[in-house]
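Encoded as structure tokens, the structure appears first; notes follow it.
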Amino acid sequence: MGVVTIKVEYWYLARVVKGEFPDADVSGFTGRQSSFEIEINGQLIFSKTETGGFPYEDDVIQQAHDGKPVQKITKSRAPCVIM
């Protein structure tokens, strides 16, 4: 999984979140190789290194939208592999 793919996933998810929550503060940074993590209010809710793929956008929006304490997202889309 390349850095470009991770950046594309980040920008796509950031756009989805900003579309649902225009005032949200969405930021990203380069971390460990192949990592992709999401925090809401400082709480880790998704880690690609734990699940092996990227989150479903609806799961992220649901966690942010409920207004309840967030739960960790444990399911993911399979990563795209082109051979």
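The values are calculated or read from the model by the stated rules, or taken from the named source; none is laboratory data. Source: prediction; values computed, not measured. Every residue, glycine as well, gets a Cβ built from its backbone with ideal geometry; the counts of neighbours run over all protein chains shown.
Which of the residues that make up segment 55-83 are over 14 Å from Val16 (Cα atoms), in a loop (DSSP other than H, G, I, E, B) and modelled with pLDDT of 85 or more? So that I can check it myself, show each step before the final result.
We begin by selecting, within segment 55-83, every residue over 14 Å from Val16 (Cα atoms); these are 66-83.
Subsequent filtering for residues that are in a loop (DSSP other than H, G, I, E, B) retains 66-76, 78-83.
Residues satisfying the conditions are Gln71, Lys72, Ile73, Thr74, Lys75, Ser76.
When the residues of segment 24-54 are narrowed to those that are of a type in the set (A, V, I, L, M, F, W, C) and in a loop (DSSP other than H, G, I, E, B), which ends up nearest to the chain's Cα centre (by Cα)?
Of the residues in segment 24-54, the ones of a type in the set (A, V, I, L, M, F, W, C) are 24, 26, 29, 36, 38, 40, 44-46, 54.
Restricting the remaining residues to those that are in a loop (DSSP other than H, G, I, E, B) gives 24, 26, 29, 36.
Values: Ala24: 14, Val26: 11, Phe29: 12, Phe36: 7 Å.
Among residues in segment 24-54 that are of a type in the set (A, V, I, L, M, F, W, C) and in a loop (DSSP other than H, G, I, E, B), the one nearest to the chain's Cα centre (by Cα) is Phe36.
Which of the residues belonging to segment 14-34 are loosely packed, with under 12 Cβ neighbours inside 10 Å and of a type in the set (Ser, Thr, Tyr)?
Ser27, Thr30, listed by residue number.
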